[in-house]
Structure formats: C-alpha cells, structure tokens
Amino acid sequence: MNVEEMLARLVAIDSVSARSNGAIIGFAAERAERLGMRVRLYPYKDERGVEKINMVATLGPTTDDEKVELAMVGHTDTVPYDATWTDALTLTESDGKLVGRGACDTKGFIAAALTAIEECGAERLARPLALVLTADEEVGCLGAKRLAEMRPFEARYSIVGEPTGLQPIRAGKGYCLAEVLVRGREGHSAYPALGASAIFRAARLITHLERIAEMLKAERREEFDPPFTTINVGIVQGGTAKNIIAGECRFTLEWRPVPGQKASRLLDLLRTSVEDERSRDADFDCEIKVLRIDEGMETPASSPLVRMLEEATARSAGTISFGTEAPEMQRLGADAVVLGPGDIRVAHRTGEFVPLKDLRQCVRILARAIEHFCML
Ligand SMILES: [Zn+2]
C-alpha cells in the first residue's frame, strides 16, 4: 500500500472527535502489527461516555523502562465536516491535491509515518521507535494529556504531526482560558447606594487586565508573532435590565503565554489586581474559574532533532501560535518538534487537502529520522 492509498483508507474512516475513534485505531493497530510492531491500547471513556483509545506501538529492541528513542505522534480525531461536503470521507485528487476531511489535519502525517516505518524495515532497528496515535486532540489534546499522566513510555525525541507545510517547529505559545465571575448587589438604578454594580466592578478588573497586557509586552520573545503573551477578553455578559443595578457580570479571559513564562503568571497578576480592588471595596466579590492551562513549549535550537529535521527539510526551524500535543511529549521526556504535510490555514475547512508532493516528501523525512535516530 503506498502513502496515498494509506491516506485514502484513513480518511474513509469517520473519526470526528464526537465519535469513538475505535475503528481508525483498529485499522492502524492491524497495520502496525503487520509491520512487526508491539501494539498497546489505552481505552478510556470521554465525558459523554464515548469510548476513546490511545495507541502506542513500538518497534525495535525493548528496554525495561519503556524508553523509546523516537516517538512519532499523530491524532486520529478530526473536526466535524459540513453535511453539504458529501465527499468528505472519500479522498479525491485534483491538481496534485488530496482532498478529504483529515487529509491535512492530521491523517496525512499518520499515513506518512506508517509508510516510512514500512519502508525502513523492522529488522534494522538498533534503538526503539514508537508510533503514538491519540484521541481527542481537537477538543483540547485530551488523549495526549492522559498519556502524559499515565506515562506508558518515555521518549528521547518526538515528532508531533500537525500541518506545518513540512517546516520543523520547535516552539509554540501555550493556550489558557478562564471564566471570571464578578458579583455585585442588585437594586433600583435610581438609588445606586442601595446596590453595587457588578458591571462597574468587572470593568475595573478588565482595566487592570489591559494594563497587565501592556506590562507583559516587555517580556519579549522575538521569534513569535506577536513577540509576547497576548490577552483577550472575548465575551462579557452581565446585568438584567437598563434600570437595575447589575448583580452579576462574567467575562472570558484567554491568554497565550510565550514559552518560558509560566502559564499561571497571568493568574497571579490577576489575583493581585483582585486584592487591590478589595483593599478599596471590601465587598468586591470575584470568582476565577480556570478552564484550561496549556503551557508553551520549546525545544532548544541545538537539539539533535531540530538539527536533523532542519537538514532533512532544508528549512530552518520556526514557531507557531496554535496548540499541539508537543507539550505532552515534553512531559514524557522528549525533545519535541512539530512537523507535518499540509497547511494549517486549510485545515478545519471544507475541502481541506494535503499536497501529494508534501505527503511523499514527509515519508522521506520521517524515514530519514528513523534511520538517523533508531538505526546503527
Ligand atoms: Zn491537528
């Protein structure tokens, strides 16, 4: 089976995040076993009770502590597709582009990894290789987070498949989200002294956040665009009527920390601001609910993995501002680099595609990586 056929088989299996990924894991596990890999499955139930499975397949000499030299990681789930895209699960080629849901994000990488392993040949491995397939990446990297907690293996190097146009990516901003609820006291708007406006209080806190955002601009990382941690208050909701003093106001707070800066730094600054408000307004009542904390990730430019991939792609390593499973691979001990065929700007869209040329090139790059790290 060549890489296009492999991709066509993967695309044909519907693996939208809301469904079980059991079928696509079943297919991949069977392929991996045929390549002589030892397959371990880690099933779990998602929050709606749907079975999801992470798969770790290894090849080459085993060690007691399950340490692998190179782990290639791809997520099996895709974002949903529009009902009008009737060909979403049929890989079609036009103009050198392979079109289908997941072709770019991230089944192209998985097809390339399986093909590269097949081409290299198991008998030649001197150090262990892993193929790691995860669930629920598109809904918060939940599968990879589970693996990072369970630690079924450790890796020295990891290539995380995401569409980067085959540019090696060695650093990425984190992603964090919180919901802030500010409470006041309702009352007739003609008598402000009888109540306390939650909206005025929230506005004061948001003004603090604007100041904090300015302050964080000084902690620069020039290789990012923009070169600092960004903050966004995306939704503000509060109050019930024009003539009622607002009793509650809530807003979302999203921030994308540059690597090296703790994701919790912004929360510390926010809590200091809340204390500051409380010192002037003893009733200032505020609850911060943290919904997501994904740290930024960074692998040094001097890492052998970065150097090898820069050479194999003839491109220097860059940075990205979208989240990936790379931080979880770092938690498993790895120098992680994100790399895969296709363009992130066409991912998640109707008509998502991967260029056939990129897909084939990815097979060669991964085969070189396997030779470089796992063979004598
Ligand atoms: Zn992806």
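The values are calculated or read from the model by the stated rules, or taken from the named source; none is laboratory data. Predicted, not measured: the structure shown is a model, and the values here were computed from it. Cβ coordinates were reconstructed from backbone atoms using ideal geometry, including for glycine residues, and neighbour counts include every protein chain displayed. Keep in mind that these areas ignore ligands, DNA and RNA; they rest on the heavy atoms of the full protein, side chains included. Shrake-Rupley method; radii C 1.70, N 1.55, O 1.52, S 1.80 Å.
In segment 323-356, what residues are within 14 Å of the ligand (Cβ to nearest atom) and more than 21 Å from N54 (Cβ to Cβ)?
Selection gives P341, G342, D343, I344, R345, V346, A347, H348, R349, E352, V354.
So for segment 114-131 (the condition being over 21 Å from the mean Cα position of the chain (by Cα) and among the hydroxyl-bearing types (S, T, Y)), does at least one residue qualify? Don't jump to the end; show me each part of the working.
Going residue by residue through segment 114-131, those that are over 21 Å from the mean Cα position of the chain (by Cα) are 114-129.
If we keep only those that are among the hydroxyl-bearing types (S, T, Y) too, we end up with 115.
The answer is yes; a qualifying residue exists.
Can you pull out every residue in segment 126-146 that is under 20 Å from V50 (Cα atoms), within 16 Å of the ligand (Cβ to nearest atom) and either among the small types (G, A, S) or not in a loop (DSSP other than H, G, I, E, B) (or both)?
Looking only at segment 126-146, we keep the residues that are under 20 Å from V50 (Cα atoms), and these are 133-146.
Applying the additional criterion that residues be within 16 Å of the ligand (Cβ to nearest atom) yields 133-145.
Across segment 126-146, the qualifying residues are L133, T134, A135, G140, L142, G143, A144, K145.
Suppose we keep only residues that are open to solvent by 10 Å² or more (accessible area, probe 1.4 Å) and in contact with a strand residue (DSSP E or B) (Cβ under 6 Å, 6 or more places away or on another chain) within segment 69-95. Which one would you say is nearest to the ligand (Cβ to nearest atom)? Working first, answer last.
Within segment 69-95, the first condition is being open to solvent by 10 Å² or more (accessible area, probe 1.4 Å), and the residues that meet it are 69, 79-87, 89-95.
Now drop any that are not in contact with a strand residue (DSSP E or B) (Cβ under 6 Å, 6 or more places away or on another chain), which leaves 69, 80, 91-92.
On the way: E69: 24, P80: 14, L91: 17, T92: 21 Å.
Going through the qualifying residues, I end up with P80.
Have a look at R124, R170, R146 and point out the one that is under 23 Å from S303 (Cα atoms), charged (D, E, K, R) and open to solvent by 10 Å² or more (accessible area, probe 1.4 Å). Write out each step before concluding.
On the way: R124 fails: under 23 Å from S303 (Cα atoms); R146 fails: under 23 Å from S303 (Cα atoms).
From the options R124, R170, R146, the qualifying one is R170.
List every residue pair whose Cβ atoms sit under 6 Å apart, with the two residues 6 or more apart in sequence or on different chains, where the first one lies in segment 314-334 and is closer than 16 Å to P257 by Cα and the second, anywhere, is modelled with pLDDT under 95 and open to solvent by 30 Å² or more (accessible area, probe 1.4 Å).
Cβ pairs passing all conditions: T319/E223; G323/Y175; P327/E295.
So, in segment 103-121, of the ones that are of a type in the set (A, V, I, L, M, F, W, C) and within 16 Å of the ligand (Cβ to nearest atom), which residue ends up surrounded by the fewest Cβ atoms within 10 Å (Cβ to Cβ)?
Initially, segment 103-121 is screened for residues of a type in the set (A, V, I, L, M, F, W, C), giving 103-104, 109-114, 116-117, 120.
In the following step, the residues that additionally are within 16 Å of the ligand (Cβ to nearest atom) were identified as 103-104, 109-113.
Values: A103: 31, C104: 31, F109: 30, I110: 25, A111: 33, A112: 29, A113: 30.
Among those that are of a type in the set (A, V, I, L, M, F, W, C) and within 16 Å of the ligand (Cβ to nearest atom), it is I110.
From the set of residues in segment 149-161 that are open to solvent by 10 Å² or more (accessible area, probe 1.4 Å) and within 26 Å of H372 (Cα to Cα), which is nearest to the ligand (Cβ to nearest atom)? Can you show your working first?
As a first pass, look at segment 149-161 and keep what is open to solvent by 10 Å² or more (accessible area, probe 1.4 Å): 149-152, 154, 156-157.
If we keep only those that are within 26 Å of H372 (Cα to Cα) too, we end up with 151-152, 154, 156-157.
Details: R151: 23, P152: 22, E154: 23, R156: 23, Y157: 20 Å.
The qualifying residue nearest to the ligand (Cβ to nearest atom) is Y157.
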